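The values are calculated or read from the model by the stated rules, or taken from the named source; none is laboratory data. Here the structure is a predicted model, which means the values were calculated and not measured. Using ideal geometry, Cβ is built from the backbone for each residue, glycine included, and neighbour counts are taken over all protein chains shown. Accessible surface areas use protein heavy atoms only, side chains included; no ligands, DNA or RNA. Shrake-Rupley method; radii C 1.70, N 1.55, O 1.52, S 1.80 Å.
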Amino acid sequence: MIPNSSRKRQRPPHHHAYAIVEAFPHKTISEFSQKLPRTSFSFNDPSTADVILRFFIDRSPFDSSNPSDSARHSDLQIYLHSRVIFRAKYISALLSDRWQHQANNHNAGHDSRTIANCNNMFHLNLGVHDDPTVHLTVLQLLYTYDFPTVIASASTALEILPVALELLFEDCVKACVKFLEAVPWSEEEEKRVLSSIPLLREEESKELLARVSPGEDDFYEEMLHGLIEKAMYSQPNMAFVKVFVAKLLRDFSSRESARRVLERAFDANLRVVKESLEQYSSPDFRGDHNETEAIQRLHLHTAMTNGRHLLWLVERMIELKVADLAVKQWSEQAAFTVDLQKAFRDDAWRNIVPGLPAVMLRCTCKLASAVAAGTILSSRQVRMKLVKDWLPVLISCKDSVSPMLPSHKTLYLVLEETFLRIISTLPMSDAQVLLQQCLSFSTRNVEDCPHLVTAFNTWFRRASQPPQMENLG
């Protein structure tokens, strides 16, 4: 797909003339001569012509087209004018003294460069693969220059362009390229554009290449990152946009590119949530009371907004199986979880952002559930710290959120069960410490907390086993 950087155009190999045209109906020569406006010389006018161009079918022995098609177009003659067709540099070269001399010396038969001068009439032979309709159209354009009328679709431009390149008709090439630069392409047309680019000069193909080729190595990831940013911050119908961007991430991102763009967004949003909660938990009371209260409300709203974004990012990371670093970061938030507990002990959040505790716990539950299910394989240290730091937040929410909504009750129960499952994967010494903190999961009726009963039964069953260390040798 590398364009020709040479300023002087090289004529494409002759097989570029072999395009089978579908965009143009079959017409007789007389019909073609009437199609476009006339100039001082008329296309296919034998009374004033000084050039006779004969088309012949230059068919490969492997072609399987109907022989009758060849017969219909073989020995097709048209009458042209050298003063007009010299605009096509290839034909101009054929009409030059040098080509005439070589052609007469070789006395060539059916070659596309055959030329003879009889009775002041030049005779040219041009081999085409099949239907010469597009060649006729390009030759007419030498007379009319009515490019806007003829080049009216991408498919037409793509049919004409190879013939214009073959004949070295520069103005026609420019018109085709200009049209292709300005209009949309179908997927099939885009493939044809790509195949044509190597035949063009560098300056001609620049705009076409810009449409289909990324300019930088990280262009792809920057697009994905920009979509994530727009979905989270810039769209009024945010929920719908997030659904669509999630689909794009599934369909078009590799695992590693998804990891990088999602981790980048996760880091940024987590940092904002942490800073907002830190500033809320340690306010500066030196200003006016009303001003301080407004700033505190802003901190909570900022934490809530970015917390929702964090939840969406966590869901995408888990869906694409790239959440391992997010789990590790979530397990290293001792100071952040302390700030959360401070905020939840204050009554202000209830009227300002009542959904903040649920958002934070849903992020925790999503990540912890992926760890417990084995979707994310985390080290013992990460698993232990995840429960150790976020278990107090769960307990604080249960104690401070009242009345408890049914959805919150379900969330708390799922997170309790998930923490207990993770605790069962830890060494008994770590499990002993953490299980004691889980006593707040108990209820008035023991039968209502089977997950807690199962966890303690497991620990005591293991504790009652005889030591196995001496058997390991």
| note | Checked segment 317-344 for anything under 14 Å from Arg260 (Cα atoms) and open to solvent by 30 Å² or more (accessible area, probe 1.4 Å); matches are Ile318, Leu320, Lys321, Asp324, Leu325
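Please tell me if Gln381 is open to solvent by 80 Å² or more (accessible area, probe 1.4 Å) and in contact with a Ser or Thr (Cβ under 9 Å, 6 or more places away or on another chain).
Values: open to solvent by 80 Å² or more (accessible area, probe 1.4 Å): yes; in contact with a Ser or Thr (Cβ under 9 Å, 6 or more places away or on another chain): yes.
It is true that Gln381 is open to solvent by 80 Å² or more (accessible area, probe 1.4 Å) and in contact with a Ser or Thr (Cβ under 9 Å, 6 or more places away or on another chain).
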| field | Residues satisfying the stated conditions in segment 55-86, i.e. outside any helix (DSSP H, G or I), modelled with pLDDT of 90 or more and open to solvent by less than 50 Å² (accessible area, probe 1.4 Å) | value | Ile78, Leu80, His81
| request: For residues that are aliphatic (A, V, I, L, M) and under 41 Å from the mean Cα position of the chain (by Cα), tally how many sit in segment 379-431. | output: 12
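Does Arg308 qualify as being open to solvent by 30 Å² or more (accessible area, probe 1.4 Å), within 28 Å of the chain's Cα centre (by Cα) and closer than 22 Å to Gln296 by Cα? If you could, list the steps in order and put the result at the bottom.
Working: open to solvent by 30 Å² or more (accessible area, probe 1.4 Å): yes; within 28 Å of the chain's Cα centre (by Cα): yes; closer than 22 Å to Gln296 by Cα: yes.
Yes; evaluated as a whole, the condition is true for this residue.
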| Filter pass, Met238 being of a type in the set (A, V, I, L, M, F, W, C), out of contact with any Leu (no Cβ under 9 Å at 6 or more places or on another chain) and closer than 28 Å to Leu320 by Cβ | yes
| request: Being open to solvent by less than 90 Å² (accessible area, probe 1.4 Å) and either assigned to a helix (DSSP H, G or I) or touching a strand residue (DSSP E or B) at 6+ places or on another chain (Cβ under 8 Å) (or both) is the filter here, so list the residues in segment 238-255 that pass it. | output: Met238, Ala239, Val241, Lys242, Val245, Ala246, Leu248, Leu249, Asp251
| query | So which of Leu270, Leu262 is within 25 Å of Ile318 (Cβ to Cβ), in contact with a Lys or Arg (Cβ under 8 Å, 6 or more places away or on another chain) and either assigned to a loop (DSSP other than H, G, I, E, B) or in the same structural domain as Thr305 (by the TED database) (or both)? | reply | Leu262
| query | Quick one: in segment 348-374, which of the residues that are part of a loop (DSSP other than H, G, I, E, B) and hydrophobic (A, V, I, L, M, F, W, C) is nearest to Leu298 (Cα to Cα)? | reply | Val353
| Any hit, segment 407-417, residues being hydrophobic (A, V, I, L, M, F, W, C) and surrounded by fewer than 12 Cβ atoms within 10 Å (Cβ to Cβ) | no
| How many residues does segment 101-128 hold that are modelled with pLDDT under 85 and open to solvent by 30 Å² or more (accessible area, probe 1.4 Å)? | 17
